[in-house]
1. Among residues belonging to the range 60-70 that are buried (at least 17 other Cβ atoms within 10 Å of the Cβ) and out of contact with any Leu (no Cβ under 9 Å at 6 or more places or on another chain), point out the one that is nearest to L111 (Cα to Cα).
2. When you check I58 against the structure, is it modelled with pLDDT of 95 or more and either under 20 Å from S5 (Cβ atoms) or acidic (D, E) (or both), yes or no?
3. Please determine whether any residue of the range 31-49 is at pLDDT 90 or above, out of contact with any helix residue (DSSP H, G or I) (no Cβ under 7 Å at 6 or more places or on another chain) and surrounded by 14 or more Cβ atoms within 10 Å (Cβ to Cβ).
4. If a residue counts only when it is closer than 17 Å to E15 by Cα and among the aliphatic types (A, V, I, L, M), which strands (runs of 3 or more DSSP E) contained entirely in the range 50-110 have at least 1 such residues?
5. Cβ-Cβ under 6 Å, sequence separation 6+ or interchain: first residue in the range 63-85 and of a type in the set (A, V, I, L, M), partner assigned to a helix (DSSP H, G or I) and surrounded by fewer than 20 Cβ atoms within 10 Å (Cβ to Cβ). Which pairs?
6. Would you check if there is a residue in the range 1-22 being in contact (Cβ under 8 Å) with a residue 12 or more places away in the chain and on the phi > 0 side of the Ramachandran plot?
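The values are calculated or read from the model by the stated rules, or taken from the named source; none is laboratory data. Predicted, not measured: the structure shown is a model, and the values here were computed from it. Positions of Cβ are generated from backbone atoms using ideal geometry, with glycine treated the same way; all protein chains shown enter the neighbour counts.
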Amino acid sequence: VEFASVVDAVACAVEIQRVAAQQNFNVPENARIVFRIGINLGDVIIDKDDFYGDGVNIAARLEGLSDPGGVVISGTAYDQARNKLGLTFKSLGEQRLKNIAEPVRAYRVLLEQAPSARKLRSRRPLIGAAALFLVLAAGLAVVLWPRAVALLQDQSSTISAEGKPSIA
């Protein structure tokens with residue numbers, strides 16, 4: 001996935017892990033879907049539908065350093081995101097990554113939350129789903145209402161004085 005900024009990428013990764021943890025809360029451990037996420041800021045080569053290069057390879061290797069349900073970012077990503085999201089990071093030091101010539105600084109995003117924040121966030125998906133439903137319903141009403149009115153007007157104009165349908 002591509003983002004406009006590494007700060008957006010880190011924010012998205014944290015939100016993905018938070019929502020996944022909430023969704024998995026009442027799911028048996030053997031049925032949970034758990035992600036590991038690695039993020040790097042670096043050059044990426046795009047060739048048709050394929051992305052490759054050290055930027056992609058480093059992110060993939062950082063993913064392997066992540067705990068299940070966690071996020072690990074490179075030093076370059078950390079330098080950009082560290083003071084912008086209100087997150088806490090733990091340095092993992094310089095890591096030697098497979099097929100990467102130089103060691104890479106790595107940081108774990110600490111995702112632990114206070115219980116009160118966890119309760120508030122557990123309601124967010126329901127509120128968000130309800131809001132999305134209302135927006136979709138309103139959008140459908142705006143699109144379909146004129147058609148329904150026109151259809152009713154067309155039907156009323158084809159009824160003869162005797163109440164039997166006719167063709168004009």
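1. The selected residue is S66.
2. When the stated conditions are applied, I58 does not pass them.
3. no
4. Details: elements: 50-52, 71-74, 88-95, 104-110.
Strands (runs of 3 or more DSSP E) meeting the threshold: 71-74, 104-110.
5. V72/L65; A81/V7; L85/A11
6. There is no residue in the range 1-22 that is in contact (Cβ under 8 Å) with a residue 12 or more places away in the chain and on the phi > 0 side of the Ramachandran plot.
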